[in-house]
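A.B. asks: Sending over a structure as structure tokens; questions will come in a sec.
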Amino acid sequence: MWNIIIGLIFVIGGLSGKLALVGTSSSGALAVVGAGLVVWGIFQIVRARR
């Protein structure tokens, strides 16, 4: 569940340009990492329900 919340914060921050991925100074990369966290969180929830 926390993966989804943190992922959404990363996506919103990256797409707005207010946050950037450490070491790259890229906001687009942060949005991609956030999307990955959201997908991973959803996968964990679906797997736990089985």
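A.B. asks: Long-range amide H contacts for S26: which residues qualify at under 5 Å (H placed 1.01 Å from N, peptide plane, sequence gap of 5 or more or a different chain)?
C.D. replies: For S26, the qualifying residues are L21.
A.B. asks: Which entry in (i) 15.5, 44; (ii) 21.3, 72; (iii) 11.7, 39 matches Rg and Dmax of the Cα atoms in Å derived from the coordinates of this structure?
C.D. replies: (iii)
A.B. asks: Right, another one. Report the extension gain between I9 and V22 in nm, rounded to one decimal, defined as 0.36 nm multiplied by the number of residues separating them, less their alpha carbon distance.
C.D. replies: Details: separation 13, 0.36 × 13 = 4.68 nm, distance 1.50 nm.
Going from the current span to full extension adds 3.2 nm.
A.B. asks: In whole percent, and with a 1.4 Å probe on the protein chains, what portion of the accessible area of the chain is carbon and sulfur?
C.D. replies: Details: 2650 of 3700 Å².
Answer for the chain: carbon and sulfur cover 72 percent of the accessible area.
A.B. asks: Also: Running a GNM on the chain with Cα contacts under 10 Å, which residue among V38, V22, V11 ends up with the highest mean-square fluctuation?
C.D. replies: V22
A.B. asks: Stretched out fully, how many nm does the piece from R47 to A35 gain, at 0.36 nm a residue minus the Cα gap?
C.D. replies: Details: separation 12, 0.36 × 12 = 4.32 nm, distance 1.83 nm.
The R47-A35 span can extend by a further 2.5 nm.
A.B. asks: Can you give me the accessible area per residue for the chain, using a 1.4 Å probe, in Å²? Don't skip to the answer; put the middle values down first.
C.D. replies: Working: 3700 Å² over 50 residues.
Averaged over the residues of the chain, the accessible area is 74 Å².
A.B. asks: Kindly write out, for region 3-11 in residue order, the coupling ³J(HN,Hα) from the Karplus curve 6.51 cos²θ - 1.76 cosθ + 1.60 (θ = phi - 60°), rounded to whole Hz, with x marking Gly and Pro.
C.D. replies: Working through the residues one at a time gives 4, 5, 5, 5, x, 5, 5, 5, 5 Hz.
A.B. asks: May I ask you to evaluate 6.51 cos²θ - 1.76 cosθ + 1.60, the Karplus curve with θ = phi - 60°, for each residue of region 26-40 and list the ³J(HN,Hα) values in order in whole Hz, giving x for glycine and proline?
C.D. replies: 10, 6, x, 5, 5, 5, 5, 4, x, 5, x, 5, 5, 4, 5
The values are calculated or read from the model by the stated rules, or taken from the named source; none is laboratory data. Computed from a predicted structure; not experimentally measured. The area values use the complete protein model at the heavy-atom level, side chains included, leaving out ligands, DNA and RNA. Shrake-Rupley method; radii C 1.70, N 1.55, O 1.52, S 1.80 Å.
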